[in-house]
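The values are calculated or read from the model by the stated rules, or taken from the named source; none is laboratory data. Remember, predicted model here, so these are calculated numbers, not experimental data. Using ideal geometry, Cβ is built from the backbone for each residue, glycine included, and neighbour counts are taken over all protein chains shown. With ligands, DNA and RNA removed, areas are computed over all heavy atoms of the protein, side chains included. Shrake-Rupley method; radii C 1.70, N 1.55, O 1.52, S 1.80 Å.
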Amino acid sequence: MQSFRTEIENPLVERDIVELEAKIRQFREGTIDEEKFRSLRLARGVYGQRQQGVQMIRIKLPYGKVTSRQLRRICDVSDEYSTGRLHITTRQDIQIHYVDLDRTPELWAELEKDEVTLREACGNTVRNVTASETAGIDINEPFDVSPYADAIFKYFLRNPIGQEMGRKFKVSFSASDADTGLSYMHDLGFIAKIQNGVIGFKVMLGGGLGSQPRHADVLFEFLPSDQIIPLMEGVIRVFDRYGERKSRAKARMKFLLKDIGLEGFKTLLEEERLAIPHESVAINVEGYPTVKNSLAEIPNVQITDETAFKEWKATNLVPQKQKGYVAIGIKVLLGDFYTDKARLLADLVEKYAAGELRLSLRQNILIPFVPKASVPFFYSELKKLGFTEAGYNKALDITACPGTDTCNLGIASSTGIAAELERVIKTEYPQYIHNSDVVIKISGCMNACGQHTMAHIGFQGMSIRTKDKLVAPALQVLLGGGNFGNGQGRFADKVVKIPSKRGPQALRLILDDYQQHSDELGYAAYYAEKGEPYFYELLKPLTSTDNLTPEDFIDWGTTKKYEKAIGVGECAGVVIDLVATLLLESEEKMQRAQATFEEGKWAASIYHSYASMVNAAKALLTAEKTKTNTHASIIKDFDAKFISAGKLSLQGSFEDLVLQLNKNAPTEPFAKVYMNDALDFLKAAEQYRTLELQEV
């Protein structure tokens, strides 16, 4: 690990990597609890795979922007530590697979040489901030949202308020009212607006997908841009304190909104106002990197396949607001591409465009700032790389998560069925290569990483049991979802469950019926007119399990008989004292409180002190076998079971002590007093635990 100390200039990054290496060592030695180790490594982008003994690494690329230099660095890392395959996710990240856990610190150090991070790419943190891939070039955008997404990313990276929430927190930015950032399905969604000459955003709160999708509420019709960071800080503080922690199935923001309502949430948000260190944060738009267009002379090329070239131009060129330029969309099958081609693409974009690529929410690549005159040349060069398949963001362009290929939670294949459905469309419905009205998405389980619940036509991996108790791979067919723009969307209806091998026939029935009865209606209007019962009757014949063939028991993309096996993966550590682990974590949080206080970061110090006290209270409640579902319940239960019961003595209640947090401005004097209070409380908690163990 010494080499990290000498090669990494950023001390925060260095500390992160050194800490990861130390925790891996402790985990291997059995001195750190498996669950706590999992939490730490997930917050550093290290995710267990379905295959035991190897890890998936998620590389965090804010709003999908990646420079040619960064892409080459990612390729180097993938070749050295992984398999050379790069996977684009529906959150604009890149994932690599089959990585040795022990090598992840050095992998991370290599990425950081070009300012690429793993930090908070997974785990109960603020995940990658996503945005419209056309941000900055969109012909309909009121302004470029990129600097605002970038500011949110930087402000909340390593921010103590968002390190150990009950669950993940997702943020999006949409460039225009088309809402291509899908604000309505995010914890916080921002849609670019200008009101009376002021730059700002429409703000959506509490959306989500999964098995119980929820449409986000409108929190603000308009919020000036200097308020988005203070607002998000308040939202996260409320979520961190009141959000569910025990049951993962109920631990997202959408469930908190469902429980307390929008007005109840606003009340809690107002209570946090004093604790937030900044009343406003102006976004430094002028300091955001400007685009440097290529001045390279464009070679002359001769197009030999004019028909294919014209079809590609019709589907893969994206208009750009900057005069003389277009963007080129690259359709990436299932989001997978390889380092040999990626390096050549990076070189091409660096020399002849702006040296920047955008990864899209539909797992594709967009190259902005391509001079119109160079389109034939780019087509010729991209064709050499196999990157000129027509149908960018069209019906043929199916989104799918990795499913049972590598994911622990996959129930049935999503990539295999996606490839087959694309084949069906390409060969039997070639007109859909130009159709942007039908969006098809597939997920391998109910968690909706493939975003199937918001698709026009969605498929979810499941299993199905026959009367004689045989198990076959299956698909839940969902229909009627869609994005209507400006924060409005509809989640798809669950229509039928069918054996997976009948997925192509289901698609044929739907598309044939659409062509016969749509009367030039868009797909969304067509579905709304027909209604869910109509489609249930249409697809019902496919649901029978009485006539399954041996082929039906083999999932897509494999030759082996199907077994429903949700992976557990990941190494097991020895059983240790969870209470002791929690108290040790409280000590670490106090060390961070002291360190950030010395750095003059009062708000960060205060939050670390708060987290230490709540964590210590959780430790003692855990010893009492008391549920610790939320921070709010921990605070109240600790008062009832320890303070009121006289087991521990404080000058007032534990609630009064802890919630000084949101009743005082984050000043240096308060941070010091609060930190000392937290230290005293931790000592008292540890002494109580020591005496308790002596009496056993």
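At a probe radius of 1.4 Å, what is the per-residue accessible area of Phe484, in Å² to the nearest 10?
120
Between Ile298 and Asn284, 0.36 nm times their residue separation minus their Cα-Cα distance comes to what? Working shown, then result.
Working: separation 14, 0.36 × 14 = 5.04 nm, distance 3.48 nm.
Contour length minus Cα-Cα distance gives 1.6 nm.
Tell me the carbon and sulfur percent of the accessible area for the range 1-150, rounded to whole percent, probe radius 1.4 Å. Mind showing how you got there, number by number?
Details: 2090 of 5070 Å².
That fraction is 41 percent.
Under 5 Å between amide H atoms, partner at least 5 residues away or on a different chain: which partners does Phe220 have, H built in plane at 1.01 Å?
Result for Phe220 returns Val203.
What are the ³J(HN,Hα) values, in whole Hz, obtained from phi via the Karplus relation 6.51 cos²θ - 1.76 cosθ + 1.60 with θ = phi - 60°, for each residue of the range 283-291 in sequence order, with x given for Gly and Pro?
8, 7, 5, 5, x, 6, x, 8, 6
If amide H atoms are built 1.01 Å from N in the plane of the peptide, which residues on other chains or at least 5 residues away come under 5 Å of the amide H of Ile554?
Long-range HN contacts for Ile554: Tyr562.
For the chain, build the charge dipole from Cβ charges (+1 Lys, Arg; -1 Asp, Glu) around the Cα centre, then report which of Gln505, Leu256, Leu344 sits farthest towards its positive end.
Gln505
Work out the FRET efficiency for Arg465 and Gln26 from their Cβ-Cβ distance, taking R0 = 56 Å, and round it to the nearest 0.05.
Working: r = 43 Å, r/R0 = 0.77.
That gives a FRET efficiency of 0.85.
From the phi of every residue in the range 548-558, what ³J(HN,Hα) in whole Hz does the Karplus formula 6.51 cos²θ - 1.76 cosθ + 1.60 yield, where θ is phi - 60° and glycine or proline is x?
My calculation for the range 548-558 gives 5, 9, x, 5, 5, 9, 10, 6, 4, x, 9 Hz in order.
Return the subset of Lys394/Lys441; Lys60/Lys154; Lys351/Lys372; Lys36/Lys113; Lys113/Lys601 for which the Cα-Cα distance in this structure is over 19 Å, preserving the input order. Don't skip to the end; give the middle numbers.
Values: Lys394/Lys441 12 Å; Lys60/Lys154 12 Å; Lys351/Lys372 15 Å; Lys36/Lys113 28 Å; Lys113/Lys601 26 Å.
Violating the 19 Å limit, Cα to Cα: Lys36/Lys113; Lys113/Lys601.
With θ taken as phi - 60° and the coefficients 6.51, -1.76 and 1.60, list the Karplus ³J(HN,Hα) couplings across the range 214-221 in order, rounded to whole Hz; mark glycine and proline as x.
Per residue, the Karplus-derived 3J(HN,Hα) values read 9, 6, 5, 8, 7, 7, 9, 5 Hz.
Which one, Gly444, Thr415, Tyr432, is farthest towards the positive end of the dipole of the range 304-463 when Lys and Arg carry +1 and Asp and Glu -1 on their Cβ?
Tyr432
Determine the relative contact order of the range 286-411: mean sequence separation of Cα pairs under 8 Å and six or more apart, normalised by residue count, in whole percent. Numbers along the way, then the final one.
Numbers: 161 pairs, mean separation 39.1, N = 126.
Value for the range 286-411: 31 percent.
Below 14 Å, Cα to Cα, which aspartates and glutamates can Lys467 reach? Residues fewer than 8 away in the same chain don't count.
Here the aspartates and glutamates satisfying the reach criterion relative to Lys467 are Asp546.
Measuring from label point to label point, each 7 Å out along Cα→Cβ, what is the Asp512 to Gln694 span in nm?
Label at Asp512, label at Gln694, 8.1 nm between them.
First compute the accessible area of the range 575-615 with a 1.4 Å probe, then give the percent of it belonging to carbon and sulfur atoms. Working shown, then result.
Values: 910 of 1620 Å².
The nonpolar share, carbon plus sulfur, comes to 56 percent.
Compare the Cα positions of Gln92, Ala175, Thr388 along the charge dipole of the chain (+1 at Cβ of Lys, Arg; -1 at Cβ of Asp, Glu; about the Cα centre) and return the one farthest towards the positive end.
Thr388
Residues with amide H under 5 Å of Gln320's amide H, sequence separation 5 or more or different chain, H placed in the peptide plane at 1.01 Å from N; which?
Residues meeting the criterion, in which the H sits 1.01 Å from N, are Ala327.
At 18 angstrom or more along the helix axis (alpha-carbon based) and mean Kyte-Doolittle of 0.5 or higher, what helices does the chain contain? Whole DSSP H runs only. Mind dumping the intermediate values first?
Values: long enough: 11-29 (27 Å, -0.55); 68-81 (20 Å, -1.10); 228-242 (21 Å, 0.74); 253-271 (20 Å, 0.20); 339-352 (19 Å, -0.40); 415-428 (19 Å, -0.01); 503-517 (21 Å, -0.72); 578-598 (30 Å, -0.10); 602-623 (32 Å, 0.62); 668-695 (41 Å, -0.52).
Both cut-offs are met by 228-242, 602-623.
If R0 is 51 Å, what FRET efficiency do you get for Ser653 and Asn196 from their C-beta distance, rounded to 0.05? Don't skip to the answer; put the middle values down first.
On the way: r = 47 Å, r/R0 = 0.91.
So, using R0 = 51 Å, E works out to roughly 0.65.
How big is the dipole moment of the chain about its Cα centre under a simple scheme where the beta carbon of each Lys and Arg is +1, that of each Asp and Glu is -1, and everything else is neutral? Debye, nearest 20, please.
Details: 86 positive and 93 negative charges, 205 e Å.
About 980 debye.
Can you list the trypsin sites (Lys or Arg not before Pro) in the range 270-361 that are in a DSSP coil and have 15 or fewer other beta carbons within 10 angstrom?
On the way: sites: Arg273, Lys292, Lys310, Lys313, Lys321, Lys323, Lys331, Lys341, Arg343, Lys351, Arg358; in loops: Lys292, Lys321, Lys323, Lys331.
Within the range 270-361, the qualifying trypsin sites (Lys or Arg not before Pro) (loop, at most 15 other Cβ atoms within 10 Å) are Lys292, Lys321, Lys323.
Can you give the accessible area per residue of the chain, in Å², using a 1.4 Å probe? Intermediate values should be presented prior to the final figure.
On the way: 28450 Å² over 696 residues.
For the chain, the solvent-accessible area averages 41 Å² per residue.
Students often check this: by mean Cβ neighbours within 10 Å, which of 234-241, 657-664 ranks highest, and how do the rest follow? Provide the component values of the computation, followed by the final result.
Values: 234-241: 23.8, 657-664: 18.5.
Descending packing order for the listed peptides: 234-241, 657-664.
At 0.36 nm per residue, and after removing the present C-alpha to C-alpha distance, how many nm does the segment from Arg103 to Ala645 gain when stretched out fully?
Values: separation 542, 0.36 × 542 = 195.12 nm, distance 4.94 nm.
Length gained, Arg103 through Ala645: 190.2 nm.
Considering the values (1) 36.9; (2) 33.2; (3) 50.9, which represents mean projected area of the Cα convex hull in nm² as calculated for the structure under consideration?
Working out mean projected area of the Cα convex hull in nm² from the coordinates points to (2).
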